[in-house]
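The values are calculated or read from the model by the stated rules, or taken from the named source; none is laboratory data. Every value quoted in this text rests on a predicted model; they were computed, and no experiment measured them. With ideal geometry, Cβ positions are generated from the backbone for all residues, glycine too; neighbour counts draw on all protein chains shown.
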Amino acid sequence: MSGGRTLCCHVSTATLVFAFYYLIVNTLKLVGMVLSVCKGKEAFPVPYSEYKAPRSQRIFDISTNILMLISMSIAAFLAFFSKRKGPMFVLPFVMMMFVELGMSFLSVFDGVWSLPGTPNYRDLLQAAKSQMGVPRLDEEFIGQLTMWYSVLFMTDVLLKVYALQVSMRYFYMLKAERTTAVNVDTGNTVTVKLPSYADALKMKAEDTPPTYQEP
């Protein structure tokens with residue numbers, strides 16, 4: 001990949017496509033989470049039902065998830081104005097991709113770090129047991145579920161890495177364009193204000209440069 005192109009499109013187009021995708025996805029997650037809270041149930045059967053988490057912890061987790069989804073949606077929305085407003089409007093989207101990628105890796109070690117509205121592996125097992133109405137899943141079904149979850153997880157991580165790389169290239173491209181535009185407007189020449197003829201006559205003799213004499 002060279003210049004401002006990535007794969008089959010420009011980095012600006014790719015960044016805006018990713019921003020639109022994350023804006024829609026995060027908005028749908030936010031609406032689904034708010035509706036599930038209003039109905040008094042969780043969007044996914046998270047361990048609250050089995051581990052009896054305190055009410056204060058549930059309120060804290062839900063509120064932080066909602067705030068995170070709102071901030072992610074705002075960051076994706078600001079990216080649409082980056083072409084006109086400058087690189088600082090795409091910087092929140094870059095930071096959002098850093099956060100999403102980091103939380104995706106952390107969710108492998110602990111489900112608490114999973115992204116809001118996205119079920120982790122333990123949530124999927126709980127959902128499968130709840131849907132099938134069995135206290136324990138058989139090994140064959142667990143193996144198939146693990147395989148599909150691993151494939152989808154790696155695909156999601158690779159997509160986020162690509163989105164982060166594209167958005168960073170778009171940020172630096174906008175920054176370079178803005179710097180070039182400033183240099184063109186200001187120029188690199190040094191201007192000197194010369195005295196007028198009347199001021200030159202009033203100058204003292206010692207202020208005038210010495211006359212040139214040939215050796």
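Values as computed for the structure displayed
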quantity	calculated
Breaking point among (1) at pLDDT 75 or above; (2) closer than 30 Å to PRO87 by Cα, for ILE59	(2)
Criterion: loosely packed, with under 11 Cβ neighbours inside 10 Å and not aromatic (Phe, Trp, Tyr) - qualifying residue of ASP156, ASP123, ASP138	ASP138
Test: SER71 is surrounded by fewer than 17 Cβ atoms within 10 Å (Cβ to Cβ), under 11 Å from the mean Cα position of the chain (by Cα), assigned to a helix (DSSP H, G or I) and not charged (D, E, K, R)	yes
Hey, VAL157 within 28 Å of the chain's Cα centre (by Cα) and at pLDDT 65 or above or not	yes
Cβ-Cβ under 6 Å pairs, at least 6 apart or on other chains, segment 11-26 side under 20 Å from MET68 (Cα atoms), far side hydroxyl-bearing (Ser, Thr, Tyr) and assigned to a helix (DSSP H, G or I)	LEU23/SER73; ASN26/SER73
Subset of segment 61-98 [farther than 19 Å from VAL157 by Cα and touching a Lys or Arg at 6+ places or on another chain (Cβ under 6 Å)]	GLY86, PRO87
